[in-house]
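Reading through the structure tokens given below for one structure.
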Amino acid sequence: MKPKQAANSAAYEAILRAGPRLNQLQQAHAHLIVTGHGHTRSLLTKLITFACSAKALAYAHLIFLSVPLPDDFLFNTVIKSTSKSRFPLDCLAYYRRMLSSSDVSPSNYTFTSVIKSCADLSAVGVGKGVHCHAVVTGFGFDSYVQAALVAFYAKCGDVGVARKVFDEMPVKSVVAWNSLVSGLEQNGLGEEAIRVFYQMRDSGLEPDSATFVSVLAACAQTGGIGLGSWVHRYIVDKGFEMNVKLGTALVNLYSRCGDVGKARGVFDEMEETNVAAWTAMISAYGTHGCGKQAVDLFNKMEDEGGPVPNDVTFVAVLSACAHGGLVEEGRSVYKRMSKRYGLVPRVEHHVCMVDMLGRAGFLDEAYRFIHQLDATGKASSPALWTAMLGACKMHRSYDLGVEIAKRLIALEPENPGHHVMLSNIYALSGKTDEVSHVRDRMIKNNLRKQVGYSVIEVEKKTYLFSMGDESHPETREIYRYLETLMSRCKEIGYAPVSEEVMHQVEEEEKEYALRYHSEKLAVAFGLLKTVDVAITVVKNLRICEDCHSAFKYISIVSNRQIIVRDKLRFHHFQNGSCSCLDYW
DNA sequence: GTAGGGTTAG
């Protein structure tokens, strides 16, 4: 071996030894310069790769500038490293620089990384431009580029185009399928994601762990415990490696399908955990109303050297405190967030605090909390006032509620929720004239309430019900059964919550003689079709007061446990009471 | 000679 190559290889070894650690890299760099390799492109390229991994972007850029004539390989390296290390803006900057350099041109390697960065930025316009460029330069049908494009369009919310790119792929890789499944799931189209998963299997491809992570997320979204637990068994039976993401997806699955105990079982069996896994489990307790367990687990994570909590963890703990009425714990956790972990509370955390104080009846303190934020220059978000408004309604503080609702309507006139709240508060305080005003204005401005629906799974099939639904083939039996159930409930004390209050703004529904909410239909159907087991219903909106009261009685007369997941949390009805203790 | 796409928690 020639002396120069030997030195070169020794230098290369030194860089490898340094790894992605800034200090060591700088030492290796100094050594390169001293030994006369300060301008050797291959060595500098390796150095830059590690510098990017060490998140030392400025340093990486400095080295980049010292390379006399960057070649395609170097450009692709920095573009890939920046997109992988989540520096999407820097990635785009290098891409621009590459385009303006005369001796280099982008390839399929370049496009995959650049498109990923556009996806991370949700930069629709830029991404479409890159897509065009890829097509023009002949890389539009590269299978890697196309897989990245599917993910890009899905992440930008354009599922239609994602689908189109996917459909046009001559060869559909497992990764391309995964991109589509996850893209659909992330856009809230869980059912469709599951259909695509079945198509993937039919096409003869073997799903991998990424497929399962997305499918489990889709099952968690739709409440599809049948497929979800099948996937769980499949993973175990096939000896799939149970990685931390799969484990977390399973914790989330069981939690969101109503079985917090099974979620904990999976969590305890996980060999490796990280902050996401702990957060998922804390959040599981929180949404099931087990505030104490959520806080205990958080404390355990702190005391027993678990992973360092992040801002997402704090949302989970604080919302658990809010739903569990744990005000003291919540205050202490909120303080620790910045004091011990140096995290700056964001709007989400502020909302949790207002929610927690407001629910617990500390309206003044909640109000002061918002004003303090205002005073410190943090523009108060509508979400804060919405939380405050909920508290006003809950604690019958009507004057303040009206004031806040009006303010919210001024801020977000298109949001039907604010109008509904205003109307409900007027109704509760007996101001019928005002109720009609609000209702008229909603009709005039064509503001509609969100359509509520409930889903229940029976023997691995899912059934969807909407208000006053009569589309189900067994509609008559369901309604008849519901009638008998309700009259038995009335015998033991159930009194329907005043129609006046509940349905003030629901104009067209008054035409129905029977206008059972979707969750009642789903519960009746579940009780009718199963024997002796708990039934689980998933609703897209919050459960209403009347259904909440009815289910307590139904749990007695049917002698069953009824689990309802609403938009925010779980309700476990059993023997006449609910796990939320009417605090939701 | 060196390199590639997707996937988790509120």
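For A:Val244 and A:Lys292, what is the calculated FRET efficiency with R₀ set at 35 Å and r taken between the beta-carbons, to the nearest 0.05?
With R0 = 35 Å, the Cβ-Cβ based efficiency is 0.85.
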Taking a straight Cα-to-Cα line shorter than 13 Å from A:Lys55, and setting aside same-chain aspartates and glutamates fewer than 8 residues away, one finds A:Asp90
Expressed in nanometres to one decimal, the distance between label points 7 Å along Cα→Cβ at A:Asn445 and A:Phe73 is 6.2
Expected unfolding gain across A:Ser429-A:Asp237 under the 0.36 nm per residue rule, minus the alpha-carbon gap, is 63.2 nm
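If eta is 1.567 mPa s and T is 4 °C, what Stokes-Einstein diffusion coefficient results for chain A, Kirkwood Rh from Cα pairs, in µm²/s? Don't skip to the answer; put the middle values down first.
Values: Rh = 27.5 Å.
My calculation gives 47 µm²/s for D.
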Descending accessible area (1.4 Å probe), largest on the left, turns A:Arg439, A:Arg96, A:Arg542, A:Arg560 into A:Arg96, A:Arg542, A:Arg439, A:Arg560
With +1 at each Lys and Arg Cβ and -1 at each Asp and Glu Cβ, the charge dipole magnitude of region A:90-194 around its Cα centre, to the nearest 20 debye, comes out at 240
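Jot down the per residue volume, in cubic angstrom and as a whole number, of the convex hull over the alpha-carbon atoms of region A:1-68.
Working: hull volume 4.6 nm³, N = 68.
Expressed per residue, the convex hull around the Cα atoms of region A:1-68 is 67 Å³.
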In whole percents, the bins of 10 Å from zero upward hold the Cα-Cα pairs of region A:89-179 as 18, 54, 24, 4
Partner aspartates and glutamates whose C-alpha sits under 15 Å from that of A:Lys238, ignoring same-chain residues fewer than 8 away, are A:Glu206, A:Asp208
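To the nearest 20 debye, what charge dipole does region A:350-396 have about its Cα centre, counting +1 at the Cβ of each Lys and Arg and -1 at the Cβ of each Asp and Glu? Working shown, then result.
On the way: 5 positive and 4 negative charges, 26 e Å.
The calculated dipole for region A:350-396 is roughly 120 debye.
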Under the 7 Å Cα-to-Cβ spin-label approximation, A:Asn559 and A:Glu269 lie apart by a distance in nanometres of 3.2
Counting lysine pairs in region A:348-496 that sit 8 or more positions apart or on different chains, with Cα atoms under 26 Å apart, gives 11
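Take the Cβ-Cβ distance between A:Ser102 and A:Asp208 as r, set R0 to 35 Å, and report the resulting FRET efficiency rounded to the nearest 0.05.
0.25
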Rounded to the nearest Å, the spacing of the alpha-carbon centers of region A:101-142 and region A:143-196 is 17
Per-residue accessible area, 1.4 Å probe, largest first, puts A:Tyr198, A:Tyr341 in the order A:Tyr198, A:Tyr341
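Applying 1/(1 + (r/R0)^6) with R0 = 30 Å to the Cβ-Cβ distance of A:Glu365 and A:Arg86, what FRET efficiency is obtained, to the nearest 0.05?
After rounding, the FRET efficiency stands at 0.20.
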Quick note, region A:453-578: a/c under 1.5 would make it rounded; otherwise a/b > b/c is prolate and the rest oblate (a ≥ b ≥ c, C-alpha gyration tensor); here it is rounded
Expressed in square angstrom to the nearest 10, the accessible area of A:Arg233 with a 1.4 Å probe stands at 120
Here the relative contact order (percent) of chain A, from C-alpha pairs under 8 Å and at least 6 apart, is 7
Rounded to the nearest 10 Å², the accessible area of A:Leu428 using a 1.4 Å probe with every protein chain kept is 50
Rounded to whole angstrom, the alpha-carbon centroid of region A:311-347 lies from that of region A:240-275 at a distance of 23
With +1 at each Lys and Arg Cβ and -1 at each Asp and Glu Cβ, the charge dipole magnitude of chain A around its Cα centre, to the nearest 20 debye, comes out at 1480
With -39,500 (n - 2.57) per DSSP H segment of 4 or more residues and division by the full residue count of chain A, the 222 nm estimate, nearest 500 deg cm²/dmol, is -20500 deg cm²/dmol
Two pseudo-spin positions, 7 Å from Cα along C-beta at A:Cys132 and at A:Asp167, lie apart in nanometres by 2.3
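Can you put A:Tyr109, A:Tyr453 in order of accessible area, largest first, using a 1.4 Å probe?
Details: A:Tyr109 160, A:Tyr453 95 Å².
Largest accessible area first, the residues go A:Tyr109, A:Tyr453.
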For A:Asp303 the rounded accessible area (nearest 10 Å², probe 1.4 Å, non-protein molecules ignored) is 120
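The values are calculated or read from the model by the stated rules, or taken from the named source; none is laboratory data. Computed from a predicted structure; not experimentally measured. As a convention, Cβ positions derive from the backbone with ideal geometry for all residues, glycine included, and neighbour counts pool all protein chains shown. When the accessible area is computed, the model is the full protein with side chains, heavy atoms only, and any ligands, DNA or RNA have been set aside. Shrake-Rupley method; radii C 1.70, N 1.55, O 1.52, S 1.80 Å.
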